[in-house]
Amino acid sequence: MTGSRSKSVVIWTFVIAALVMLSAPTIVVLGASFTAGNIITFPPEGLSLKWYGAIAQASDLRQAFIRSLIVATICTIVSIPVGTLAGIALAKYRVRFARSIQIYLLLPFTIPLIGSGIGMMLVFGNMGVLGRLWPVGIACCVINLPFMIWAVTASASNLSPDLELAAANCGAPPLQRFLYITLPAVLPGVITGSLLMFILALNEFLVSLLLVDARSVTLPVQIYNSIRSIITPDLAAISVVFIASAAIAIAVLDRLVGLDIFLKSK
Amino acid sequence: MRRSRAAYPWTWRVMDGLESLAARLWPARFEKGLPYLMLAPAVLLVGILVLGLVQIGDSSLRVLDTSTFLMSEDLTLANYQRALTESFFATVAGRSLLGSVIVTIVTLIFAFPYAYLMVRTPSSALRKFLLVALFLPFFIGQVVRAYGWLIILGNQGMVNEALGLVGVPPMRLLYNYPAVLFGLVQYMLPFAVLMLAPALTAIPAELESAASSLGANWLRTFRHVVLPLARPGLVGAGLVVVTLSLTDFAIPAILGGGSQDFIANAIYDQFFRTSDQGMGATLSLMLVAVGSLLVGLVFMLFGAGTLAMTGGRK
């Protein structure tokens with residue numbers, strides 16, 4: 001079967017090229033963080049952990065990282081109740097204008113990021129709160145909210161309405177039904193969604209760039225400001241934080257819902 | 001006293017208290033309104049975006065007074081006229097549009113075999129590996145990825161150092177148009193593959209076997225069976241990639257080094273370099289219009305795909 005052989009040769013050529021493109025930056029950043037030299041060279045000048053020591057000393061990088069963590073935490077904490085309630089409402093109830101509400105709630109995806117960012121910059125600027133961290137957290141929450149709602153609706157539609165009726169039949173009042181039946185059922189979706197929200201807020205760049213000032217830069221903005229001057233390996237070491245958190249997020253996602261869900265057709 | 005407490009634990013008391021509180025706050029006769037109450041926070045939160053758009057619209061109608069550096073009080077359409085006539089903006093818009101079209105074509109060419117292999121491979125380990133390789137860069141963020149490319153392609157970067165070892169003089173690989181397009185392609189690959197995969201999953205493998213048992217070689221099978229059936233996925237992925245690369249900021253800023261600005265960079269410069277808020281707002285609004293039109297088209301043609309909130313089955 002020469003036909004199938006040439007087919008797999010062609011496909012694998014493209015796939016390997018794509019794999020190289022996808023993975024090269026990650027691998028190089030990982031490798032560069034362990035270099036013993038002062039600038040990044042090829043071939044590397046030996047292995048050392050000195051750049052990890054250097055970032056432990058660099059207070060600006062550390063503070064930027066802490067700010068990013070705060071932003072991601074605010075974003076996640078806000079999105080959990082908001083996204084969960086909206087997701088359950090859309091999946092469980094018959095809502096009038098459901099279609100319009102869905103389209104409205106998808107606005108964060110349909111409006112280009114630069115437009116959303118500029119708009120929120122003007123809004124928060126008029127409120128006089130630019131430069132604080134909570135507006136950045138809220139902004140990250142707004143632009144990624146559809147992910148959260150999607151994750152919750154996906155697991156809420158697996159919940160049979162009979163379960164709640166059965167609970168009601170046994171005398172459970174509405175709040176108990178919500179806490180003991182509905183909430184546990186959508187919990188996997190809530191966890192998946194919060195994970196996405198946290199990781200996306202942690203490395204959100206453009207909206208952060210628009211909403212922070214010099215005193216409140218987040219880590220992606222700090223890295224962006226630094227790579228425009230000289231490229232030193234300490235940035236690679238701090239970037240490993242992102243790589244590690246991404247790896248953890250993928251592992252947890254795979255455990256919780258399985259990555260295969262993204263291959264399913266509607 | 002003691003017995004009754006054992007029979008009625010304090011957790012029940014708490015729940016009863018909460019239950020009556022909830023009943024008082026939201027009596028049962030408002031039951032019909034409950035889903036709207038649950039939707040309200042999300043609607044309000046997205047309302048910030050709408051408010052932002054209104055503010056952008058307002059700013060876009062005011063021109064910058066270059067003597068006082070204040071925005072004008074009266075409203076005009078002068079910014080729109082400038083945006084449509086000045087050649088600088090036309091150059092930037094042309095560069096972005098051409099770039100996003102090239103990026104889309106190249107991305108689809110690479111994404112299609114990737115998605116095809118991922119969907120059709122019998123090995124679940126390979127499938128998982130391909131998925132992880134796709135998600136890892138997606139979750140790492142644009143800045144770190146662009147930083148990786150700077151290390152690889154910079155003047156003292158790995159490629160040039162490696163070429164130097166074999167005696168080739170250093171080449172300027174960064175801060176040009178191809179570098180930006182290359183960066184965008186690798187940024188868009190995960191999006192394109194994830195949009196294509198469900199469309200390919202929906203094509204029964206038996207159709208391909210049928211085509212080949214009727215004597216079609218794999219190229220003809222692809223051309224006449226797989227590609228036409230995958231067209232919704234291709235168009236959807238294409239529109240998403242066009243929109244995202246048209247409006248991208250980080251890759252042109254970092255890999256273009258200021259000389260290869262896309263529309264988003266021009267908007268940023270209007271706000272933070274020239275401080276012409278009105279012009280920046282005008283460009284933003286025009287970009288929002290074009291971008292929303294493209295995405296709206298995707299949603300109308302294909303539904304919201306994997307992001308559909310109608311609670312399609314998993």
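The values are calculated or read from the model by the stated rules, or taken from the named source; none is laboratory data. It should be emphasised that the depicted structure is a prediction, and the values quoted were computed from it without experimental measurement. So basically every Cβ, Gly included, is an ideal-geometry build from the backbone, and we count neighbours across all protein chains shown. Just so you know, the surface numbers come from the protein's heavy atoms only, side chains and all, with ligands and any DNA or RNA stripped out. Shrake-Rupley method; radii C 1.70, N 1.55, O 1.52, S 1.80 Å.
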Q) Can you list the HN-Hα couplings for segment A:234-240, worked out from phi with the Karplus curve (6.51, -1.76, 1.60; θ = phi - 60°), rounded to whole Hz and with x for Gly and Pro? A) 5, 5, 4, 4, 6, 5, 4
Q) Can you pull the Rg over Rh of segment B:208-286, Cα-only, Kirkwood? A) 1.36
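Keeping all protein chains in place, calculate the accessible area per residue for the protein assembly as shown (probe 1.4 angstrom), answer in Å². Can you show the working numbers first?
Details: 26710 Å² over 580 residues.
So the protein assembly as shown comes to 46 Å² accessible per residue, rounded to a whole number.
Calculate the mean, over all residues of peptide B:32-38, of how many other protein chain Cβ atoms lie within 10 angstrom of the residue's Cβ.
6
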Q: Select from B:Val50, A:Met121, A:Ala154 the residue farthest towards the positive end of the dipole of the protein assembly as shown; place +1 on Cβ of Lys and Arg, -1 on Cβ of Asp and Glu, and compute about the Cα centre.
A: A:Ala154
Q: Compute the whole-percent fraction of alpha carbon pairs in segment B:2-60 spaced more than 13 Å apart.
A: 75
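Report the charge-dipole magnitude of segment B:2-60 in Debye, nearest 20, computed about the Cα centre from +1 at each Lys and Arg Cβ and -1 at each Asp and Glu Cβ. Display every interim value, and only then the final one.
Working: 7 positive and 4 negative charges, 133 e Å.
Taking the Cα centre of segment B:2-60 as origin, the dipole is about 640 debye.
Summing both sides, how much accessible area is buried between B and A? Use a 1.4 Å probe and give Å² to the nearest 100. Don't jump to the answer; show the numbers that get you there.
Values: alone 20270 and 16110 Å², together 26710 Å².
Counting protein atoms only, the buried area is about 9700 Å².
Step by step: find N for segment A:36-147, compute 2.2 N^0.38 Å, then divide the Cα radius of gyration by it. What's the final number?
Working: Rg = 20.6 Å, N = 112, 2.2 N^0.38 = 13.2 Å.
That ratio works out to 1.56.
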Q.
Please list, ordered by chain and number, the residues whose modelled amide H lies under 5 Å from the amide H of A:Thr35; skip anything fewer than 5 residues away on the same chain.
A. A:Ser48
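If a/c stays under 1.5 just call it rounded; otherwise compare a/b with b/c (prolate if a/b is bigger, oblate if not). Do that for segment B:11-143, with a ≥ b ≥ c from the square roots of the Cα gyration tensor eigenvalues.
Values: a/c = 3.44, a/b = 1.13, b/c = 3.04.
The shape class here is oblate.
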Q) Using θ = phi - 60° and the Karplus curve 6.51 cos²θ - 1.76 cosθ + 1.60, what whole-Hz ³J(HN,Hα) does each residue of segment B:84-92 get, with Gly and Pro shown as x? A) 7, 9, 5, 6, 4, 5, 5, 4, 4
Q.
Within 10 Å, at most 12 other Cβ atoms, and a DSSP state outside H, G, I, E, B define an exposed site. Report the longest part of chain B free of exposed GluC sites (Glu not before Pro).
A. B:87-314
**Q.** Portion, in percent, of the accessible area of chain A that falls on carbon or sulfur, probe 1.4 Å
**A.** 67
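About the Cα centre of segment B:160-277, what is the dipole size in debye to 20, counting +1 per Lys and Arg Cβ and -1 per Asp and Glu Cβ, all else neutral? Can you show the working numbers first?
Values: 5 positive and 7 negative charges, 63 e Å.
That gives segment B:160-277 a dipole magnitude of about 300 debye.
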Q) Do you know which residues of segment A:143-162 lose at least 20 square angstrom of accessible area in the protein assembly compared with their chain on its own, with a 1.4 angstrom probe? A) A:Leu145, A:Phe147, A:Trp150, A:Thr153, A:Ala154, A:Ser157, A:Asn158
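Given charges of +1 on the Cβ of Lys and Arg and -1 on the Cβ of Asp and Glu, with all other atoms neutral, how large is the dipole of the protein assembly as shown about its Cα centre, in debye to the nearest 20? Kindly include the intermediate steps, with their values, before the conclusion.
Details: 37 positive and 24 negative charges, 364 e Å.
Dipole about the Cα centre, nearest 20: 1740 debye.
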(Q) Need the C-alpha centroid separation for segment B:18-47 versus segment B:225-292, integer Å. (A) 39
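Can you give the average number of partner chain beta-carbon atoms within 10 Å of each beta-carbon in peptide B:285-295, as a whole number?
Mean partner shielding for this stretch: 4.
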Q: Find the lysine pairs in the protein assembly as shown meeting two conditions, Cα atoms under 23 Å apart and a separation of 8 or more places or different chains, and report how many there are.
A: 10
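Order of B:151-159, A:132-140 by packing, highest average Cβ count within 10 Å first?
In decreasing order of mean packing, B:151-159, A:132-140 become A:132-140, B:151-159.
Taking N as the number of residues in chain B, what is its Cα Rg relative to 2.2 N^0.38 Å?
Working: Rg = 27.0 Å, N = 314, 2.2 N^0.38 = 19.6 Å.
Normalised by 2.2 N^0.38 Å, the Cα Rg of chain B equals 1.38.
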Q | Rounded, prolate or oblate (a/c below 1.5 giving rounded, otherwise prolate when a/b exceeds b/c) for chain A by Cα gyration tensor | A | oblate
Q | Free-standing Cys, the protein assembly as shown [no other Cys Cβ under 4.7 Å] | A | A:Cys170
Q.
Using a 10 Å cut-off around each Cβ of peptide B:53-60, what is the average number of partner chain Cβ atoms that fall inside?
A. 4
Q) Got a sec? Charge dipole of the protein assembly as shown, +1 on Cβ for Lys and Arg, -1 for Asp and Glu; which of B:Leu21, A:Pro220, B:Val166 is way out at the positive end? A) B:Leu21
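Calculate what fraction, in whole %, of the accessible area of segment B:86-307 sits on carbon and sulfur atoms when a 1.4 Å probe is rolled over the protein chains.
On the way: 6130 of 8750 Å².
Taking all protein chains in place, segment B:86-307 shows 70 percent carbon and sulfur surface.
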